[in-house]
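Below is one structure, written out as structure tokens; the observations come after it.
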Amino acid sequence: MISVKELKHIYTDADGHEVSALNGINLDIPAGEFIAIIGANGGGKSTLARHLNALLLPTSGKCIVDGLDTAEEKNLWDIRQHVGMVFQNPDNQIVAAIVEEDVAFGPENVGVPGPEIKGRVDRALAAVGMSEYAKHAPHLLSGGQKQRIAIAGVLALEPRVIVLDEPTAMLDPQGRKEIVRTVKQLNKEKGITIVYITHYMTEALEADRVVVMEKGNIRFSGTPHEVFSRVDELEKAGLEAPLAAKIASELRKSGIKLPKEIITDEELAEVLCR
Amino acid sequence: MLSDITLGQYFPGNSFIHRLDPRTKILATLIYIIAIFFADSFLSYAILTGFALAVILISRLPLLMVLKSLKPIMIIVVLTLGIHMFTAPGETVLFTWKFLSVTQEGLELGVKMSLRLMLLLLFSSVLTFTTSPIVLTDGIESLLRPFKKIGVPAHELAMMMTIALRFIPTLLEETDRIMKAQTARGADFSSGNLLQRAKNMLPLLVPLFISAFRRADELAVAMESRCYRGGEGRTRMHELLYKGIDYAAFGTIFALTALLAFLRWGTALCAL
Ligand SMILES: Nc1ncnc2c1ncn2[C@@H]1O[C@H](COP(=O)(O)OP(=O)(O)O)[C@@H](O)[C@H]1O
Ligand SMILES: [Mg+2]
């Protein structure tokens with residue numbers, strides 16, 4: 001579905017200095033995968049995300065989405081329809097003052113006929129569980145609800161991939177749960193490929209695969225268990241491993257034999273009680 | 001529901017007037033304003049006033065609320081009345097006070113002129129009372145579309161209005177939050193003279209503007225990623241459509257205009 005090859009990106013900042021944000025990323029994301037990207041601030045996660053729907057173009061290397069090269073101008077609108085983007089601040093991505101009008105914004109832009117838009121809007125709102133709010137004003141909704149409207153706005157374009165760049169960073173725990181549940185459901189039920197950027201380990205645990213980024217490189221990747229049990233490497237990448245994984249690692253160092261991949265409290269409790 | 005939008009003076013409802021296409025309402029308001037300028041006799045003014053009251057009645061708006069919308073122009077109305085009363089040339093002097101004298105003609109002219117102003121505002125406020133800002137925006141965009149060839153940016157104007165409607169409540173909330181935060185740190189927004197207060201507002205405006213620009217920047221990226229590329233080739237979920245009631249409304253307003261035109265010029269025409 002998505003194939004990133006030797007992708008480099010260099011920004012020119014306000015003073016004219018060159019900042020290298022991506023130093024040759026290689027990443028293949030098969031259709032239907034739920035992939036989480038984690039990493040310390042400034043690691044290049046957002047930059048990578050923006051390449052996936054051609055908001056940024058490669059300085060060198062390639063980014064191929066569904067067989068379409070993002071660098072080719074003529075592919076731009078197809079790519080943006082295929083790859084939806086959800087950003088961090090729910091307030092700053094809702095365009096219209098009525099929920100259903102906002103969800104209709106994408107399909108209207110690509111010229112979907114009026115009666116069909118209505119159907120798409122209804123389905124998108126149902127998919128995120130917000131049907132009853134169709135006529136509401138977005139500024140009166142909770143953060144989690146606003147973010148689900150933003151997801152519905154993307155869904156109405158019927159994308160194959162949804163890229164979410166720290167969608168829960170500004171939400172309360174309740175809102176975070178809503179978003180993770182919604183995203184997982186879209187992945188399982190509609191088969192939409194999910195690229196999920198997050199700071200929260202518990203959210204990344206839901207993914208099929210976790211990729212760790214640091215200073216514009218992919219350090220390592222694997223299943224959530226593989227990644228989160230590599231305590232030392234996580235720390236080197238500026239991330240904190242889950243507490244259970246850290247304890248397990250310390251115990252192992254002091255000679256206690258433990259199975260390798262312990263990352264949640266429950267798993268730790270289970271082996272220790274044996 | 002739509003009533004959640006506190007902006008503007010929209011008063012939700014389901015009357016005949018509420019259900020009209022926004023374009024019908026905008027055009028009918030313009031035609032009514034033209035008709036006002038056809039009126040010269042008191043009979044025509046009576047007809048215009050009666051028509052306006054009938055429209056308010058049909059729209060089931062509280063009459064008092066609609067009349068209140070006249071408040072901001074009352075000073076202008078009184079001034080208009082006064083100036084015409086005292087300065088218009090006329091024969092029949094009603095009374096004199098020092099060097100000022102009021103004539104029959106002056107008084108009539110003054111009353112008519114102020115009536116014109118009030119009717120104009122009354123009728124256009126029915127438009128904004130019965131049409132939500134969003135629908136009004138759609139109507140304006142649709143009406144301006146033919147003028148695109150001569151450079152009227154119809155879609156862009158409508159888009160800006162849409163975004164403004166969306167973000168005004170957000171920015172108000174933010175202003176409130178910043179104000180509270182700064183009050184907690186000892187800022188004072190409510191005392192001192194006007195200049196002092198304006199000065200105190202400055203530390204409020206700076207963070208507000210910075211935040212507004214950041215929002216605008218993020219919104220632009222979000223819009224682009226949702227395939228926004230201007231008005232070209234864009235469709236709408238709710239296409240505007242003239243229905244039976246719109247034709248009925250147009251018929252009525254044209255009949256009114258024809259009647260007023262006849263009252264003004266008809267007798268002259270018959271004499272020919
Ligand atoms: N518009 C920009 N101009 C210049 N440098 C930027 C810009 N955006 C990001 N960067 C730099 O690129 C690097 C990666 O940033 P980003 O992709 O936002 O990382 P992350 O999302 O992982 O926090 C950072 O060093 C950041 O300072
Ligand atoms: Mg980021």
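Here are the numbers:
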| item | result |
| --- | --- |
| Members of the range B:198-234 found to be of a type in the set (Val, Ile, Thr) and more than 10 Å from chain A (Cβ to nearest Cβ), listed by number | B:206, B:210 |
| Any hit, the range A:131-142, residues being crowded, with 23+ Cβ neighbours inside 10 Å and more than 7 Å from chain B (Cβ to nearest Cβ) | yes |
| The range B:162-177: number of residues that are within 7 Å of another protein chain (Cβ to nearest Cβ) and either within 20 Å of the chain's Cα centre (by Cα) or under 15 Å from residue A:102 (Cα atoms) (or both) | 4 |
| Filter pass, residue A:65 being among the hydrophobic types (A, V, I, L, M, F, W, C) and under 22 Å from residue A:37 (Cα atoms) | yes |
| Positions within the range B:24-59 being surrounded by 15 or more Cβ atoms within 10 Å (Cβ to Cβ) and not in a helix (DSSP H, G or I), in sequence order | B:39, B:59 |
| Residue A:210 being within 16 Å of ligand 1 (Cβ to nearest atom), touching a strand residue (DSSP E or B) at 6+ places or on another chain (Cβ under 9 Å) and β-branched (Val, Ile, Thr) | yes |
| Odd one out for residue B:163 among (1) β-branched (Val, Ile, Thr); (2) modelled with pLDDT of 90 or more; (3) touching a helix residue (DSSP H, G or I) at 6+ places or on another chain (Cβ under 6 Å) | (3) |
| Subset of the range A:42-61 (residues that are within 18 Å of residue A:6 (Cα to Cα), within 10 Å of ligand 2 (Cβ to nearest atom) and open to solvent by 30 Å² or more (accessible area, probe 1.4 Å)) | A:46, A:50 |
| Filter result (of a type in the set (A, V, I, L, M) and within 16 Å of ligand 2 (Cβ to nearest atom)) within the range A:6-34 | A:19, A:21, A:22, A:25 |
| Within the range A:180-216, considering residues that are within 16 Å of ligand 2 (Cβ to nearest atom) and open to solvent by 40 Å² or more (accessible area, probe 1.4 Å), the one farthest from residue A:86 (Cα to Cα) | A:215 |
| Filter result for the condition that a residue is part of a helix (DSSP H, G or I) and loosely packed, with under 11 Cβ neighbours inside 10 Å, over B:204, B:195, B:219 | B:195 |
| Output for the range A:130-174, where each listed residue is assigned to a strand (DSSP E or B) and more than 16 Å from ligand 1 (Cβ to nearest atom) | A:161, A:162 |
| Sole residue being closer than 19 Å to residue B:228 by Cβ and of a type in the set (Gly, Ala, Ser), chosen from B:154, B:198, B:181 | B:154 |
| Looking only at the range A:249-274, and only at residues there that are closer than 25 Å to residue A:37 by Cβ and in contact with a helix residue (DSSP H, G or I) (Cβ under 6 Å, 6 or more places away or on another chain), the one that is surrounded by the most Cβ atoms within 10 Å (Cβ to Cβ) | A:262 |
| Verdict on residue B:252 being more than 14 Å from chain A (Cβ to nearest Cβ) and surrounded by 12 or more Cβ atoms within 10 Å (Cβ to Cβ) | yes |
| Residues located in the range A:180-207, provided they are within 11 Å of the chain's Cα centre (by Cα) and away from ligand 1 (no atom under 12 Å from the Cβ) | A:180, A:183, A:193, A:194, A:195, A:196, A:203, A:204, A:207 |
| Single residue of the range A:111-129 satisfying the filter (part of a loop (DSSP other than H, G, I, E, B) and out of contact with any helix residue (DSSP H, G or I) (no Cβ under 6 Å at 6 or more places or on another chain)) that is farthest from the other protein chains (Cβ to nearest Cβ) | A:129 |
| Any chance residue A:109 is touching a strand residue (DSSP E or B) at 6+ places or on another chain (Cβ under 6 Å) and either more than 16 Å from ligand 1 (Cβ to nearest atom) or open to solvent by 10 Å² or more (accessible area, probe 1.4 Å) (or both) | no |
| Close pairs (6 angstrom Cβ cut-off, 6 or more residues apart or separate chains): farther than 24 Å from residue A:208 by Cα in the range A:11-39, of a type in the set (A, V, I, L, M, F, W, C) and more than 8 Å from ligand 1 (Cβ to nearest atom) anywhere | A:18/A:10; A:20/A:10 |
| Given (1) away from ligand 2 (no atom under 16 Å from the Cβ); (2) open to solvent by 10 Å² or more (accessible area, probe 1.4 Å); (3) touching a residue at least 40 places away in the same chain (Cβ under 8 Å); (4) not in a helix (DSSP H, G or I), number of the condition residue A:91 does not satisfy | (4) |
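Yes/no matrix, rows are residues, columns are (1) more than 24 Å from residue B:217 (Cα to Cα); (2) away from ligand 1 (no atom under 16 Å from the Cβ); (3) part of a loop (DSSP other than H, G, I, E, B); (4) open to solvent by 70 Å² or more (accessible area, probe 1.4 Å):
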position: A:7; (1), (2), (3), (4): yes, no, no, no
position: A:21; (1), (2), (3), (4): no, no, no, no
position: A:26; (1), (2), (3), (4): yes, yes, no, yes
position: A:36; (1), (2), (3), (4): yes, no, no, no
position: A:40; (1), (2), (3), (4): no, no, yes, no
position: A:63; (1), (2), (3), (4): yes, no, no, no
position: A:85; (1), (2), (3), (4): no, no, no, no
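The rows are residues; the columns are (1) more than 30 Å from residue A:136 (Cβ to Cβ); (2) touching a residue at least 24 places away in the same chain (Cβ under 8 Å); (3) within 32 Å of the chain's Cα centre (by Cα); (4) not assigned by TED's automatic domain parsing to the domain that holds residue B:38.
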| residue | (1), (2), (3), (4) |
| --- | --- |
| B:203 | yes, no, no, yes |
| B:212 | no, yes, yes, yes |
| B:233 | no, no, yes, yes |
| B:257 | yes, yes, yes, no |
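The values are calculated or read from the model by the stated rules, or taken from the named source; none is laboratory data. Owing to the predicted nature of the structure, the values given are computational and were not obtained by experimental measurement. Counting neighbours? That spans all protein chains shown, and the Cβs are built from the backbone with ideal geometry, glycine included. Heavy atoms of the whole protein, side chains included, go into the accessibility calculation; ligands, DNA and RNA do not. Shrake-Rupley method; radii C 1.70, N 1.55, O 1.52, S 1.80 Å.
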